[in-house]
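Data first, discussion second: the structure below is written as structure tokens.
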Amino acid sequence: MISSLAFNPLISSSLNIATNATHISRNKQNLVKQKPVELTLGYQNPNGCKVSSFGLKGSIYDSEKVKSIAVMTDDKSTMSSSVEEDSENIGILNADSSLEPYKDHFKYRLKRYLHQKKLIEEYEGSLEEFAKGYLKFGFNREEDGTLYREWAPAALEAQIIGDFNGWDGSNHHMKKDQFGVWSIKIPDDGGNPAIPHNSRVKFRFKHSDGVWVDRIPAWIKYATVDPARFAAPYDGVYWDPPHSERYQFKYARPPKPKAPRIYEAHVGMSSSEPRINSYREFADDVLPRIRENNYNTVQLMAVMEHSYYASFGYHVTNFFAVSSRSGTPEDLKYLIDKAHSLGLHVLMDVVHSHASNNITDGLNGFDVGQSSQESYFHTGDRGYHKLWDSRLFNYANWEVLRFLLSNLRWWIEEYKFDGFRFDGVTSMLYHHHGINMAFTGNYKEYFSEETDVDAVVYLMLANCLVHDILPDATVIAEDVSGMPGLGRPVSEVGIGFDYRLAMAIPDKWIDYVKNKKDNEWSMKEISLNLTNRRYTEKCVAYAESHDQSIVGDKTIAFLLMDEEMYSSMSCLTDASLTIERGIALHKMIHFITMALGGEGYLNFMGNEFGHPEWIDFPREGNGWSYEKCRRQWNLVDTDHLRYKFMNAFDRAMNLLDDRFSFLASTKQIVSSTNNEDKVIVFERGDLVFVFNFHPENTYEGYKVGCDLPGKYRVALDSDAREFGGHGRVGHDADHFTSPEGIPGVPETNFNNRPNSFKILSPPRTCVVYYRVNESQEENNSANLGLVEETVAAADTDANIPDDSVESEDSNFWIGWKKTKEV
């Protein structure tokens, strides 16, 4: 989300950061073993979300009791004795004892969650059934007609209008029930639906002022606009294609990756031409690029319909509709199926933190001044985000919960998305929405009357639902506050996200690149910023996303090289000092962010090859131009331009994780942050990473610490010629370890590591070393032909030139040819 909020990163009291050795590892932490929390009667699923065994399934209309629980407020409600008993089990306190003073807050949160969940189970059958609202609301086919339902309690009268009745609803009046739900069944005409597929429809209603208004149905599956009319209003479209036109998925979801390597993409701006790209073009032209660079996950922005293109998709108008700018619902299904065929998981950037304030086209049009209990949104200031100019949901409202939870299930079931990136979570978590709030890490900032427990309960329900219907789902929170427990299971009274975006990291890099000279870069500060995350709560790290590329700012590559990117990127001439520095630091910044910053990695479309300039959507201020709202793929495809070097290194660092799974490793140890040498040394898994940020110094025989004794070789080298480097590091050299100090006595070791080996470290380079398994090396040599054939096939899939595999002056693929088992 493009945000104006000003936050500081959380420095967690539960993160043990030592001067010479930073540990973020289960086997290195002395924390109490976590225990699952039994929430209610039923069974515990593998994702830690309790599924209760209530069997009181019924209609949403069959009990007056539902009225009394239509809204759950922040006021304490009367809870059953079973809820009281369950609320004593706060598993998150076992992981972080410093949360103990806030136990009452967690107890209250748990009571509220359990109470809301039990009410849903009592009156709707289960949370999973409750989230099938799209089968009850909106348009649904029945045996002999089309049933349409809409929740609009503030309406006095209502009609359905559209192309099918000449936009005259006099013969299609709707009936209202006691819960504010309007409905009508439209009989088939001659055996065919009275409302044709792909025809326009709207919901017409009269509010308390006696005025009739036309609105797009809240649950509409598709909405379009007349492109020939400037600022024309959107129309809802009845989407029910015949079987022959309905896309049929061909490929199963790929296995969930050990760690997500995410390619953040915007379909509309993915064309090299100054225009809006289509879902099918993206699938055919861009997805192969993503796969070639060894990403395992693609995150799609701006999927939900939004009338204002320049909002980047964050001012949603129609929550169940795909953005029609890029095609139809069937086209989006084609894209996702193609991604699955390539082994890519697909995440959706879902926006449940707010809604567009657009009355004509969006959900806000249903707000005609009624009370909060009869609206999707809060009334007054609580219902309006003054920085985003948008409406804020009432998460305690029964029908709002149904709408949002069903929305999640709809995208998973209908389009086969594999998970979500929840936008604007910070705004949801607090009544102040983070506005003018600088989070310092003091726990009082997270657990107080400013915490929006309604929103917290909704997010717990949402994560419970998603992981229940799709156990392999990946759900990520965009939160800058660092709320403790955000990334812990609901069973522990956490909020249930799998990952949190490490949003402080890009801010630090932008600050360094913009404001600090190279000799002012602090190795300790860089390391601390990258490792500053809560134990047991996973993060997705990134050096830059779409936020850092929007108009008014620049990509990291453009900040580093600026105007020289227009004139000095040719390989036919020697690189200038600016270009050489820029490419070297671009590789180092992105790689150390990936290797040290989290348990997942994210890159925004085009930044893998150093896309220049910025993003500027068409608007009045730029003459409605698409020139800066596209991706210049020609830059990386042109062989004599240096963009290819950054792209090749991006591909290689992803392949390194593919081979060694270091992102998924819980072993992370920073052994040296030498500010004088400008060198950072750390281990991730059993790999040893050496980053030399010094602009001039080459270190020969530089000693680096490691855990395991043995022989080490180069796995990845940013200075390799195929990455635009100078080829100064030998890749065929063996590095043998020497023991350091007394075994088991860290203070006698070298940088608290029991072994060490010596290397060559050129300036502005990063080199990764892997430990050779000598016991199997002979077997590998005996079967070298088979190994080379396997590696060559993998490299072909990654579009790596043949000479990169065969050359003795090459990089880490040589190591894998010799010791494939590592």
Please work out the average accessible area per residue across the stretch 463-521, using the 1.4 Å probe convention, and give it in Å².
25 Å²
Please give the residues of the stretch 249-267, grouped as numeric ranges, whose backbone N is less than 20 Å from a label point set 7 Å along the Cα-to-Cβ vector of ASP284.
249-251, 266-267
If each part is reduced to its alpha-carbon centroid, the stretch 665-714 and the stretch 204-257 end up apart, in Å, by 54 Å
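With a 1.4 Å probe and every protein chain kept in, tell me what percent of the accessible surface of the stretch 722-775 is carbon plus sulfur.
On the way: 1210 of 2430 Å².
For the stretch 722-775, the apolar C and S fraction of the accessible surface comes to 50 percent.
What full-extension length gain, to one decimal in nm, is calculated for ALA438 and LYS250 as 0.36 nm per residue of separation minus the Cα-Cα distance?
Gain in length upon complete extension: 62.8 nm.
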Could you tell me whether the stretch 523-649 comes out rounded, prolate or oblate from its Cα gyration tensor? Rule is a ≥ b ≥ c as square roots of the eigenvalues, rounded for a/c under 1.5, then prolate if a/b exceeds b/c, otherwise oblate.
oblate
Any idea what the alpha-carbon Rg over 2.2 N^0.38 Å comes to for the stretch 376-434?
1.27
Cα-centred dipole magnitude for the stretch 341-412, charges only on beta-carbon of K, R (+1) and D, E (-1), debye, nearest 20
180 debye
Using modelled backbone amide H atoms (1.01 Å from N, in-plane), which distant-in-sequence or interchain residues come within less than 5 Å of TYR384's amide H?
LEU392
Label-point separation in nm, PHE736 to ASP226, each point 7 Å along Cα→Cβ
8.2 nm
Can you send over the carbon and sulfur percentage of the accessible area for the stretch 406-526, probe radius 1.4 Å, protein chains only?
43 percent
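Show me 487-500, 757-770 ranked by packing, highest mean number of other Cβ atoms within 10 Å first.
Details: 487-500: 25.9, 757-770: 22.4.
Result, highest mean first: 487-500, 757-770.
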For each pair in LYS517/LYS703; LYS256/LYS667; LYS258/LYS538, compute the distance between the two Cα atoms and list the pairs where it is over 18 Å.
LYS517/LYS703; LYS256/LYS667
In a shell of Cβ-Cβ distance under 14 Å around ARG141, excluding ARG141 itself, what net charge do Lys and Arg (+1) and Asp and Glu (-1) give?
-1
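Please give the net charge around TRP624, taking every other residue with its beta carbon less than 15 angstrom from that of TRP624, where Lys and Arg add +1 and Asp and Glu add -1.
Once positives and negatives cancel, what remains is +3.
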Given a 1.4 Å probe and the protein chains all in place, what does the accessible area of HIS735 round to, in Å² to the nearest 10?
30 Å²
Carbon plus sulfur fraction of accessible area for the stretch 547-667, probe 1.4 Å, in percent
48 percent
So, counting K/R as plus one and D/E as minus one, what does the shell of residues with Cβ under 9 Å around SER270 add up to?
0
Place a +1 charge on the Cβ of each Lys and Arg in the stretch 668-775 and a -1 charge on the Cβ of each Asp and Glu, then give the dipole magnitude about the Cα centre in debye, rounded to the nearest 20.
80 debye
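At a temperature of 37 °C and a viscosity of 0.692 mPa s, determine how fast the stretch 132-238 diffuses translationally according to Stokes-Einstein, using the Kirkwood radius over alpha-carbon pairs as Rh; express D in µm²/s, rounded to the nearest whole number.
Once the numbers are plugged in, D ends up at 230 µm²/s.
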From the cross-link list LYS118/LYS176; LYS338/LYS587; LYS176/LYS333, which pairs have alpha carbons spaced over 32 Å apart?
LYS176/LYS333
Karplus-derived 3J(HN,Hα) from phi for the stretch 618-625 (6.51 cos²θ - 1.76 cosθ + 1.60, θ = phi - 60°), whole Hz, x at Gly and Pro, runs x, 7, 4, x, 10, x, 6, 8
Scaled to the compact-protein estimate 2.2 N^0.38 Å, what is the alpha-carbon radius of gyration of the stretch 668-775, rounded to two decimal places?
1.03
Using a 1.4 Å probe, what is the accessible area per residue for the stretch 309-453, in Å²?
25 Å²
SER576 paired with GLU449, simple spin-label distance in nm, labels 7 Å along Cα-to-beta-carbon:
5.9 nm
Subtracting the Cα-Cα distance of LYS185 and LYS516 from 0.36 nm times their residue separation yields 112.5 nm
Over the stretch 132-238, with the other protein chains present, what is the accessible area per residue in square angstrom, probe 1.4 angstrom?
45 Å²
With DSSP loop assignment and no more than 10 other C-beta atoms within 10 Å, the GluC sites (Glu not before Pro) in the stretch 692-754 are GLU696
Accessible area of CYS571, 1.4 Å probe, to the nearest 10 Å²?
50 Å²
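The values are calculated or read from the model by the stated rules, or taken from the named source; none is laboratory data. Keep in mind it's a predicted model, so treat the numbers as computed, not measured. Quick reminder, even Gly has a Cβ in these numbers, built from the backbone with ideal geometry, and neighbours come from all protein chains shown. The protein model used for the area step is the full one, side chains on, heavy atoms only, and it has no ligands, DNA or RNA in it. Shrake-Rupley method; radii C 1.70, N 1.55, O 1.52, S 1.80 Å.
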